[in-house]
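Visitor: Once you've had a glance at the structure underneath, I'll fire off some questions.
Derivation of every value follows stated rules applied to the coordinates shown; laboratory data play no part. Keep in mind it's a predicted model, so treat the numbers as computed, not measured. Positions of Cβ are backbone-derived with ideal geometry, glycine not excepted, and every protein chain shown enters the neighbour counts.
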Amino acid sequence: MDKILIKGGKRLKGDAAVSGAKNAALPILAAGLLSRGEHRLLNVPKLMDVVTIKRLLNHLGAAITDDDPDGCTVRMTGLNRCEAPYEWVKTMRASVLVLGPLVARFGEAKVSLPGGCAIGARPINLHLMGLEKMGAEITIEHGYVAVKARRLKGARIYLDPASVTGTENLMMAATLADGVTVIENAAREPEVIDLARFLTQCGAKINGAGTDTITIDGVESLDGSGTYRIMPDRIEAGTYLAAAAITGGEIFVRGCIPRHLDAVLLKLREAGVEIREEPDGARAVSSGRIGAADIKTLPYPGFPTDMQAQMMALMTLSDGLSVVTETVFENRFTHVAELRRMGAEIKIQGNNAIIKGAKRLSGAPVMASDLRASASLVLAGLAAEGETEIARVYHLDRGYERIEQKFSNLGADIQRIKPSV
Ligand code: UD1
């Protein structure tokens, strides 16, 4: 398996262009199942998760052509199968995003239950509850959930808590339902808005995406075709801004939309980083001093759980005491043990991590446990003295496009080591 080797201590400087958002590309690709049209998607990130969903869509009956260096064309040519097998769902939970579209368009879907993952139990009960309210019949057998409905019916659905992929699955399903569906306490993440925009281009009638109440007026079919550009990845952008902060550098993140990152920018500024919002992106300028900051993860527009691990890496080098509280996932501190191996002083109390800023981190061999935990180890490695070797890089490849190349361009000493055969 590949490893990433970093010789830390370089002050990063330059431009990093942000790729398309993984968490928008996945539901938008899945939404291709709903449409009779042909869709050219641009700014599709080259990531393992995107490869996985494309394979799954091909297996279900979609034709996907990679006809653009940053894009692809999706067309549903006919249903081959209505099943998302365990092998795909276990490698990528977001495979459950095919559930809503399949049942809405073809009347049936069978998806492997995702089970737990490194960051928590992550159930899909809300996805199922919503489909049941829309009249679907649900059976769970042999680790699979089977959903059937001749035609889904509009319904009022309250989500508790506001699940991102739950909102997306139900919003997609409701586009072809008979009548009006109202999703209350809907997730407000920008990726939900991006999906709603794409669905609207296909012919769906959706109001309120980006607020906590989304209303979908079901239509008979989605026939629109066209070109759609996927939004930039706000978490990737936030990671590069944090990299400027932790290395005392200056990075312009091209394509970053600052209003998607309000909570993150607020905390970076609190930590003493100068953030300049420019017409084409955002620039982080660090003086080298890192102030302490308390962080509590929340659904959007609160501080994103997907930036928690990266900000914790930054806080390990602050000049004070910071408390990071994780409220979205119950087990999202797997990076802590690895950061400690690099000299970080972190105590865990329930869902709080108490971080006493250290003067320095020292490079060490570490192991990535999930996607964002891996990004936090890369940041720590960039700032640490000496060499950091990060194993299980496949987690990073799920969510960061050409990460070692983008960091090299900024002046980092970072390389991917392939196993010798
Ligand atoms: C999405 C993102 C992920 C991000 C997360 C939270 C994608 C592909 N992934 O994941 O990167 O970390 O949002 O911002 O967009 N829950 C239930 N029942 C459900 C569904 C969720 O109890 O049926 C709970 C979860 O356990 C969690 C909370 O709701 O505590 C939020 O999870 P959710 O928003 O569903 O996360 P994902 O959509 O899986």
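Visitor: What is the distance in Å between the Cα centres of the stretch 59-97 and the stretch 372-391?
Guide: With the stretch 59-97 and the stretch 372-391 each reduced to a Cα centre, they are spaced 33 Å.
Visitor: Can you bin the stretch 1-124 into rounded, prolate or oblate? Criterion: square roots of the alpha carbon gyration tensor eigenvalues sorted a ≥ b ≥ c, rounded for a/c under 1.5, prolate for a/b above b/c, oblate for the rest.
Guide: Oblate, since a/c reaches 1.5 and b/c is not below a/b.
Visitor: If you don't mind, there's one more thing I want to ask. Count the lysine pairs in the stretch 275-421 whose Cα atoms sit under 28 Å apart, keeping only pairs 8 or more residues apart in sequence or on different chains. Let's see the in-between values first.
Guide: Working: Lys296/Lys347; Lys296/Lys356; Lys296/Lys359; Lys347/Lys356; Lys347/Lys359; Lys359/Lys406; Lys406/Lys418.
Lysine pairs satisfying the spacing and distance rule in the stretch 275-421 number 7.
Visitor: Give the angle, between 0 and 90 degrees and rounded to the nearest 10, that separates the Cα long axis of helix 22-31 from the longest principal axis of the Cα atoms of the chain.
Guide: 10
Visitor: Determine the distance separating the Cα centre of the stretch 116-192 from the Cα centre of the stretch 327-353; give it in Å without decimals.
Guide: Computed from Cα coordinates, the inter-centre distance equals 31 Å.
Visitor: Here is a further query. For the chain, what is the charge dipole size about the Cα centre, in debye to the nearest 20, if Lys and Arg each add +1 at the Cβ and Asp and Glu each add -1 at the Cβ?
Guide: On the way: 51 positive and 49 negative charges, 101 e Å.
Using only the charged Cβ atoms, the result is roughly 480 debye.
Visitor: Moving on to the next point. Set the Förster radius R0 to 30 Å, insert the Cβ-Cβ distance between Val51 and Lys148 as r into 1/(1 + (r/R0)^6), and round the FRET efficiency to 0.05.
Guide: FRET efficiency, Val51 to Lys148: 0.50.
Visitor: Where both residues lie in the chain, what percent of DSSP beta bridges are antiparallel, nearest 5?
Guide: Of all bridge pairs located within the chain, approximately 70 percent are antiparallel.
Visitor: At 7 Å along Cα-to-Cβ for each site, give me the label-to-label distance between Asp178 and Ala337 in nm.
Guide: 5.3
Visitor: What is the chain by shape, rounded, prolate or oblate, if you read a ≥ b ≥ c off the alpha carbon gyration tensor as root eigenvalues and call it rounded for a/c under 1.5, prolate for a/b larger than b/c, and oblate otherwise?
Guide: prolate
Visitor: Still on this structure, please answer the following. Where Rh is the Kirkwood radius over the Cα pairs of the stretch 99-172, the temperature 37 °C and the viscosity 0.692 mPa s, what D in µm²/s does Stokes-Einstein return?
Guide: 262
Visitor: Right, here's the next one. Quick one: net charge of Thr73's neighbours, Cβ under 9 Å, K/R +1, D/E -1?
Guide: Residues near Thr73 contribute -2 overall.
Visitor: Taking the dipole about the Cα centre of the stretch 182-248, with the C-beta of Lys and Arg at +1 and of Asp and Glu at -1, give me whichever of Ala187, Ala237, Ile206 is farthest to the positive side.
Guide: Ala237
Visitor: Pull out a ≥ b ≥ c, the square roots of the eigenvalues of the alpha-carbon gyration tensor of the stretch 128-245, then state rounded if a/c is under 1.5, prolate if not and a/b is larger than b/c, and oblate in the remaining case.
Guide: It is prolate, given that a/c is not under 1.5 and a/b is the larger ratio.
Visitor: State, to one decimal in nm, how far the label point of Ile140 lies from the label point of Glu385, with both points 7 Å from Cα in the Cβ direction.
Guide: Modelled inter-label distance: 5.2 nm.
Visitor: Same structure, new question: Count the net charge of all other residues whose Cβ sits under 12 Å from the Cβ of Phe252, scoring Lys and Arg as +1 and Asp and Glu as -1. Walk me through the intermediate numbers first.
Guide: Values: positive: Lys13, Arg254, Arg276, Arg283; negative: Asp15, Glu250, Glu277, Glu278, Asp280.
Around Phe252, the surrounding residues sum to -1.
Visitor: Assign unit charges at the C-beta atoms only (+1 for Lys and Arg, -1 for Asp and Glu), then state the dipole size of the stretch 212-334 relative to its Cα centre in Debye, rounded to the nearest 20.
Guide: 480
Visitor: Summing Lys, Arg as +1 and Asp, Glu as -1, what charge do residues with Cβ under 15 Å from the Cβ of Gly61 carry, Gly61 excluded?
Guide: Its environment carries a net charge of +4.
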